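J.: Got a structure for you, questions after.
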Amino acid sequence: MKSIYQKYKSHYFDNLNLAIPVVISQLGHTLVQTSDTIIVGHFAGTVSLAAVSLANSIFIILLVIGIGVSYGITPLIAQNNGRDNYAECGQLLSNSLFINVLTGIVLFTVTMVGSILLLDHLDQTPAVVSQAKPFLFLLGLSIIPMLIFNTFKQFAEGLGFTKQAMLISIWGNVLNVCVGIVFVKGMFGISPMGVRGVGYSTLIDRCLMAVVMSMYVFKSVNFKKYLKGFYLTNISRERCLQILRIGAPVAMQYAFEISAFSAAAIIIGTIGYHEQAAHQVAINLASITYMMASGLSAAAAIKSGNYFGVSDHQKLRHSAISSYHIVLAFMCCTAILFTLLNRVLPWIYTSDTIVISIAAQLLIIAALFQLFDGTQVVGLGILRGMGDVNVPTLITFLAYWVVGLPVGYILGIVLHLGVKGVWYGLVLGLMVSSILLFFRFQFISKSNEAKTTVILAQD
């Protein structure tokens, strides 16, 4: 163990120094949903909590598609910065902003259509559907400012500046909680809004975060040399395609995984609203640890992009393996936490004893998939930094839609294991994804390292 630590020691510190602010800012996306869930669960009741679950199960798919598209710029920024090609970074930012605003408008339109046409045909409890519709509309509208925020966040993080987005995310979530409580409960002369209240608070929060993050990038001296190529009219087909070649497959990767979990929520909704509410509680807790691992993944993508840009494949491999070590250690801790506190954590969200009892069982299953969830998302980040996105996209589709969800449906509905059966299928999907992505990383990194060795020997 000591020899392994010494071998990767420098990479542990480098990766953690970059990752910790990214982890905290990544948490911002999930903590918005967490605070919404807690506020509604305590101030609006179980039916409203189920409505949040239903709306989020649809919106989260669109959210991760948008986030995935916005990730397309980060490896490119990291690679060009590694080559000291500063002007290209500004031009990439212009094109990324154009793509992300357009993506946000498209996703909002899809959300509107979904809230009108889809929710009434999913065999859900009518009272749940009626509350989910306005909430889903407001969430859809918030995706436009969220993607503007993410454009500048990913640009800054690609250059190694991660702390400002972290601070903005923290204060944004504080604002979301305060405004959400006021709107949902009805305070200071405002009538109680129920589920719509957290929708409005999320929209306000994301608009302010977009304004502050963009102002930081434009005003900070850290980015002056990178912004010389930034012009809103400087949109080129070539650069848009360059960003989308990475961003679109990443969006599909996230969409395949998250949509499987969303489909699981809809399947569970056919069992009953108590089960659906319990699923929302357990999956929200699991989402917190997932987004923290996703922050490690984003940092791994940046470091991989830096080393890949200068063709230092040995350091790339060592950095990537150290990221695997870090996420395994972290997810072991969260697995233990879920196991020991499985009956305590659900109380944060609701006082309904039926929901708490079901959620406690699901947290034990969540503890089982922590290691697989962490390693698969870090594997995706490492491969993304290396520019390898197409095969990982195929792997995620296979793992979740060919293996995980069908097995979950068979176990949960056909074999009558209920909500636990659905979750067992999701565990299997995460395991398949984790193993295949690791094999993919091993194959590519060893091949590149071997090529470098041969070239150096010839020289």
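J.: Run down GLY408, GLY385 and say which single residue is modelled with pLDDT under 85 and either in contact with a His (Cβ under 6 Å, 6 or more places away or on another chain) or surrounded by 19 or more Cβ atoms within 10 Å (Cβ to Cβ) (or both).
T.: The unique qualifying residue is GLY385.
J.: Give the residue, chosen from SER287, SER297, SER319, that is assigned to a helix (DSSP H, G or I) and in contact with a Gly (Cβ under 6 Å, 6 or more places away or on another chain).
T.: SER297
J.: Okay, moving on. For the range 154-173, indicate whether the set of residues that are surrounded by fewer than 17 Cβ atoms within 10 Å (Cβ to Cβ) and of a type in the set (Ser, Thr, Tyr) is non-empty.
T.: No, the range 154-173 contains no residue that is surrounded by fewer than 17 Cβ atoms within 10 Å (Cβ to Cβ) and of a type in the set (Ser, Thr, Tyr).
Listed here are the residues, each with its yes/no results for (1) surrounded by fewer than 16 Cβ atoms within 10 Å (Cβ to Cβ); (2) among the basic types (Lys, Arg); (3) touching a Leu at 6+ places or on another chain (Cβ under 8 Å).
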{"position": "MET215", "(1), (2), (3)": "yes, no, no"}
{"position": "TYR226", "(1), (2), (3)": "no, no, yes"}
{"position": "PHE230", "(1), (2), (3)": "no, no, yes"}
{"position": "ARG239", "(1), (2), (3)": "no, yes, yes"}
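J.: Let me ask you something else. Take the range 272-289 and flag every residue that is open to solvent by 20 Å² or more (accessible area, probe 1.4 Å) and in contact with a helix residue (DSSP H, G or I) (Cβ under 6 Å, 6 or more places away or on another chain).
T.: TYR273, HIS274, GLU275, SER287, ILE288
J.: Could you tell me which numbered condition ARG206 fails, if it satisfies all but one of (1) surrounded by fewer than 19 Cβ atoms within 10 Å (Cβ to Cβ); (2) over 30 Å from ASN85 (Cβ atoms)?
T.: (1)
J.: A further question follows. Could you please find all residues in the range 329-356 being open to solvent by less than 70 Å² (accessible area, probe 1.4 Å), in a helix (DSSP H, G or I) and out of contact with any His (no Cβ under 9 Å at 6 or more places or on another chain)?
T.: Selection gives ALA329, PHE330, MET331, CYS332, THR334, ALA335, PHE338, THR339, LEU345, PRO346, ILE356.
J.: Here is a list: LEU383, LEU415, LEU394. Which entry is within 25 Å of VAL355 (Cβ to Cβ) and among the hydrophobic types (A, V, I, L, M, F, W, C)?
T.: Result: LEU415 is the single residue among LEU383, LEU415, LEU394 that is within 25 Å of VAL355 (Cβ to Cβ) and among the hydrophobic types (A, V, I, L, M, F, W, C).
J.: Quick check on TYR254: is it closer than 29 Å to ALA329 by Cβ and buried (at least 21 other Cβ atoms within 10 Å of the Cβ)?
T.: Considered against the rule, which asks whether it is closer than 29 Å to ALA329 by Cβ and buried (at least 21 other Cβ atoms within 10 Å of the Cβ), TYR254 comes out as yes.
The values are calculated or read from the model by the stated rules, or taken from the named source; none is laboratory data. What you see is a predicted model, and the numbers here were worked out from it, not measured in a lab. Cβ atoms come from the backbone with ideal geometry, glycine included; neighbour counts cover every protein chain shown. To get the accessible areas, we keep the full protein, side chains included, count just its heavy atoms, and leave off ligands, DNA and RNA. Shrake-Rupley method; radii C 1.70, N 1.55, O 1.52, S 1.80 Å.
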